[in-house]
Each structure stands twice: as C-alpha cells, then as structure tokens.
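The values are calculated or read from the model by the stated rules, or taken from the named source; none is laboratory data. Quantities reported herein were computed from a predicted structural model and do not represent experimental measurements. Every residue, glycine among them, receives a Cβ derived from its backbone with ideal geometry; neighbour counts consider all protein chains shown.
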Amino acid sequence: MSAVTGTDRAARAASARAVAATVVDPEIPVLTIEDLGILRDVTVIEHGRVEVTLTPTYSGCPATDVIRSDVERALANHGFDDAVVRTVLAPAWTTDWITDEGRRKLAAYGIAPPDKLCGNAAATAVVELVRCPLCGSADTRLQSRFGSTACKSLRVCNRCAEPFDHFKAL
C-alpha cells in the first residue's frame with residue numbers, strides 16, 4: 001500500500017479493529033477478544049500496515065498463540081494480509097477490562113462473571129459474593145480454586161446443587 005493519509009489511516013484502523021473484535025476466545029467461545037478486554041489497540045503503521053495489540057489474561061495463558069493466529073487469519077480474510085499482532089504484558093490485564101456485554105455473555109453461558117475491582121488490589125483479598133449463573137442464588141461455595149481453565153475457579157450452588165465456573169477477579 002502506498003502513502004496513507006490520516007483519514008485513510010483512521011478508517012483502515014477502524015475497519016481492521018471491527019474484524020479483530022469478532023475473534024472469539026478459544027477457551028470461552030461465547031466471548032470475543034473485545035468482550036474479554038484483551039484487544040487493546042489497532043493502529044496503522046508504515047505503508048498502511050495494520051498492527052494489533054493484545055494483552056493476554058495472564059502471561060502464561062495457553063490461548064495466546066491461538067488467539068494471535070485467529071486474529072491474523074481473520075484480518076487476512078478481510079484483505080489485511082500483512083497485519084502484525086503483538087502481545088504486551090503491561091499494563092497487566094485485569095478482569096475490570098471485561099465489558100458489561102462480556103459479563104452478560106459469561107452469565108448466560110453458565111460462568112459467574114467476576115466483580116469489578118476498579119483497580120483496587122485490596123479487593124482481591126475480600127471474598128466475593130458469587131451468584132449462581134443458573135438460578136441466581138448467592139448461596140454458593142468454593143469447591144476448588146481451579147476450574148476448567150486457570151482463570152476460573154469451580155463453585156457449587158447450595159440452592160440448586162449445580163457446579164459452575166467462576167471467572168476469577170484479577
């Protein structure tokens with residue numbers, strides 16, 4: 001691509017972001033990477049090349065490489081053949097970055113969404129009131145600090161007796 005004007009650059013970045021935003025998380029397929037808050041930025045760099053910045057949920061997340069490949073593939077399918085996807089670890093991802101829509105999707109999928117911490121690290125020491133995503137009861141208990149993925153814990157509802165994942169607040 002030849003020289004790109006500011007207007008063209010903004011339109012190209014917006015178009016590429018719209019494509020990248022549709023990529024789903026491979027571990028929680030009801031969430032897009034935008035819902036999850038790991039799609040940090042999409043810019044146009046030299047010669048109109050698109051650069052996508054992702055922040056994984058944690059530095060050792062096994063889904064990071066899959067997400068990178070999925071973003072590259074989605075962009076290539078929409079004409080952004082030479083897109084670059086970079087991973088940045090700072091600032092560290094927080095569950096506060098999950099969108100309200102993402103929280104609704106988690107609950108509808110049967111995963112209790114985390115409370116918003118709003119940057120308050122001390123809040124992580126407080127035991128959360130976790131509602132059952134199936135029946136809505138707040139009478140739940142921690143079964144295991146580790147759920148189906150490292151970012152979730154396993155809880156059980158005392159009311160309906162169903163187990164469910166809870167997305168850990170970070």
For a quick check of your reading of the model, give me the residue pairs whose first member lies in region 145-163 and is assigned by TED's automatic domain parsing to the domain that holds Gly110, whose second is assigned to a strand (DSSP E or B) and surrounded by fewer than 14 Cβ atoms within 10 Å (Cβ to Cβ), with beta-carbon atoms closer than 7 Å and at least 6 apart or on different chains.
Ser153/Leu142; Ser153/Ser144; Leu154/Ser144; Arg155/Arg141; Arg155/Leu142; Val156/Arg141; Asn158/Arg141
Residues that are modelled with pLDDT under 95 and either crowded, with 16+ Cβ neighbours inside 10 Å or touching a helix residue (DSSP H, G or I) at 6+ places or on another chain (Cβ under 8 Å) (or both), drawn from region 135-148:
Gly147
Filter region 68-91 for residues that are surrounded by 13 or more Cβ atoms within 10 Å (Cβ to Cβ) and either touching a Pro at 6+ places or on another chain (Cβ under 7 Å) or of a type in the set (Gly, Ala, Ser) (or both); which is farthest from Arg40 (Cα to Cα)?
Ala76
When you scan region 95-107, how many residues do you find that are surrounded by fewer than 19 Cβ atoms within 10 Å (Cβ to Cβ) and not in a helix (DSSP H, G or I)?
1
I'd like to know if region 1-22 contains one or more residues that are at pLDDT 95 or above, exposed (fewer than 13 other Cβ atoms within 10 Å of the Cβ), assigned by TED's automatic domain parsing to the domain that holds Asn77 and within 30 Å of Asp165 (Cα to Cα).
yes
Can you confirm whether region 118-140 contains a residue that is among the acidic types (Asp, Glu), closer than 29 Å to Asp8 by Cα and either in contact with a Leu (Cβ under 8 Å, 6 or more places away or on another chain) or in a loop (DSSP other than H, G, I, E, B) (or both)?
no
